Amino acid sequence: MSRRERIRTARGRDAFNAYYTELYGEDWAAITRAFEAEPMYETLTDGLVKPYHLDVSSAAAARCVPLPSGARVLDLCAAPGGKCLVLATRIDRDGQIVANELSAGRRARLHRVLDEHLPESLRARIRISAHDGRKWGLFEKDAYDVVIADVPCSSERHVYNSEKHLAEWSANRPITLARQAGAFLAAALDACKPGGHVLYCTCALSTDENDGVIERASRRRVFMSVAPGIPAGRPTRFGELVRPDLAGGAGPLFVALLKKPLSSES
């Protein structure tokens, strides 16, 4: 069995470290030290009735999306709701947000976050739904000015700090999650209007779940990459990656801003 095959089939902390050491080399030690430190949060207050703490890079990601007047926004994986709070304070009075979350438990948390932090005037602009976001594009095509695909991902920071999740980890996890993320991104691109934008995000360091997902999408769909301009974001092929060891504890966060071209731009 080759070294790569041994890494793929192994489980636990040693397998986790071996996998990411292969990706990041000597930098992995610095990344894990940053995982052990306190994350960098921004306290959101503008337009809210109660402060909300959100990773500074996640807040920046929600601010980088262009929002036209009367924007229709779809968030395919909206819980726990931090990005929705930012977007709700950015849309104008004619704007609308559909905040989708399939998981009942996470959807209940989404309700609480929006209900507790938004004034009634902003809360009224958000509708919560409970559909499988991976199938959205089958039913609503070319319907939204902005689609957010903040997809389920490897969440290495969380895994590293959880003995339970570390013990269960294997290299099949990022492969499975990348396949699922690809379905979310395809749905997002299909649901987005021509001329609109898709914001694809993960809190993963796995390249398969980041640029890899977008590269595979580019084989079947047409879009243009736009630099999101995230503070401390390091450019990748299709987006920007915030590494906590290089960003004062913020992240990890991968952000790609994709524009769906008008027919004249294709």
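The values are calculated or read from the model by the stated rules, or taken from the named source; none is laboratory data. Remember, it's a predicted structure, so these values are computed and weren't measured experimentally. Here Cβ is always computed from backbone atoms with ideal geometry, including for glycine, and neighbour counts include all displayed protein chains.
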Taking region 171-202 only, how many residues are surrounded by 24 or more Cβ atoms within 10 Å (Cβ to Cβ), more than 13 Å from Gly137 (Cβ to Cβ) and of a type in the set (A, V, I, L, M, F, W, C)?
3
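Please go through region 34-80 and pick out each residue that is small (Gly, Ala, Ser) and out of contact with any Lys or Arg (no Cβ under 6 Å at 6 or more places or on another chain).
Those that are small (Gly, Ala, Ser) and out of contact with any Lys or Arg (no Cβ under 6 Å at 6 or more places or on another chain): Ala34, Ala37, Gly47, Ser57, Ser58, Ala59, Ala60, Ala61, Ser69, Gly70, Ala71, Ala78.
Limited to region 146-159, what total is found for residues that are in contact with a Leu (Cβ under 7 Å, 6 or more places away or on another chain) and touching a residue at least 60 places away in the same chain (Cβ under 8 Å)? Steps first, please.
Going residue by residue through region 146-159, those that are in contact with a Leu (Cβ under 7 Å, 6 or more places away or on another chain) are 146-149, 152-154, 156, 159.
Add one more test, that the residue is touching a residue at least 60 places away in the same chain (Cβ under 8 Å), and what stays is 146-149, 152, 156, 159.
Number satisfying all stated conditions: 7.
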Answer with yes or no whether His131 is in a loop (DSSP other than H, G, I, E, B) and surrounded by fewer than 17 Cβ atoms within 10 Å (Cβ to Cβ).
yes
Which of (1) charged (D, E, K, R); (2) over 22 Å from Ala250 (Cα atoms); (3) in contact with a Phe, Trp or Tyr (Cβ under 9 Å, 6 or more places away or on another chain) does Glu156 not meet, given it meets every other one?
(2)
By my count, strands (runs of 3 or more DSSP E) wholly in region 220-266 with at least 1 residues that are closer than 21 Å to Asp190 by Cβ and in contact (Cβ under 8 Å) with a residue 60 or more places away in the chain are 253-259
Within the bounds of region 203-210, is there any residue that is over 19 Å from Ile31 (Cα atoms), surrounded by 18 or more Cβ atoms within 10 Å (Cβ to Cβ), in contact (Cβ under 8 Å) with a residue 12 or more places away in the chain and in contact with a strand residue (DSSP E or B) (Cβ under 7 Å, 6 or more places away or on another chain)?
no
Region 23-64, residues that are farther than 19 Å from Pro80 by Cα and either at pLDDT below 95 or hydrophobic (A, V, I, L, M, F, W, C) (or both):
Leu23, Trp28, Ala29, Ala30, Ile31, Ala34, Phe35, Ala37, Glu38, Cys64
Could you please let me know if Ala124 is within 28 Å of Asp46 (Cα to Cα) and either of a type in the set (Gly, Ala, Ser) or at pLDDT below 95 (or both)?
yes
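Of all residues in region 119-128, how many are touching a residue at least 40 places away in the same chain (Cβ under 8 Å) and surrounded by fewer than 18 Cβ atoms within 10 Å (Cβ to Cβ)?
Taking region 119-128 first, the residues touching a residue at least 40 places away in the same chain (Cβ under 8 Å) are 119, 122, 126, 128.
After this cut, where a residue has to be surrounded by fewer than 18 Cβ atoms within 10 Å (Cβ to Cβ) as well, the list is 119.
Count: 1.
Quick grid of which residues meet (1) under 24 Å from Ala30 (Cβ atoms); (2) touching a strand residue (DSSP E or B) at 6+ places or on another chain (Cβ under 9 Å); (3) among the β-branched types (Val, Ile, Thr); (4) surrounded by fewer than 22 Cβ atoms within 10 Å (Cβ to Cβ):
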residue: Arg219; (1), (2), (3), (4): no, no, no, yes
residue: Ala227; (1), (2), (3), (4): no, yes, no, yes
residue: Pro235; (1), (2), (3), (4): yes, yes, no, yes
residue: Leu246; (1), (2), (3), (4): yes, yes, no, yes
For Phe139, work out the one condition from (1) within 30 Å of Pro51 (Cα to Cα); (2) free of Cβ contacts under 8 Å to residues at least 40 places away in the same chain it doesn't fulfil.
(1)
So, in region 60-88, exactly how many residues are farther than 15 Å from Glu101 by Cα and surrounded by fewer than 23 Cβ atoms within 10 Å (Cβ to Cβ)?
9
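Name the residues in region 100-114 that are surrounded by 14 or more Cβ atoms within 10 Å (Cβ to Cβ), in contact (Cβ under 8 Å) with a residue 24 or more places away in the chain and part of a helix (DSSP H, G or I), would you? Give the derivation first.
Of all residues in region 100-114, those surrounded by 14 or more Cβ atoms within 10 Å (Cβ to Cβ) come to 100-102, 106-107, 109-111, 113-114.
Checking which are in contact (Cβ under 8 Å) with a residue 24 or more places away in the chain leaves us with 100-102, 106-107, 109-110, 113-114.
Listed by number, the residues that qualify are Arg106, Arg107, Arg109, Leu110, Val113, Leu114.
Looking at region 139-161 only, could you name the residues that are outside any loop (DSSP other than H, G, I, E, B), crowded, with 17+ Cβ neighbours inside 10 Å and not acidic (Asp, Glu)? I'd like the intermediate steps shown before the answer.
First, the residues of region 139-161 that are outside any loop (DSSP other than H, G, I, E, B): 144-150, 156-160.
Now restrict to residues that are crowded, with 17+ Cβ neighbours inside 10 Å: 144-150, 156-157, 159-160.
Answer for region 139-161, where residues must be outside any loop (DSSP other than H, G, I, E, B), crowded, with 17+ Cβ neighbours inside 10 Å and not acidic (Asp, Glu): Tyr144, Val146, Val147, Ile148, Ala149, Arg157, Val159, Tyr160.
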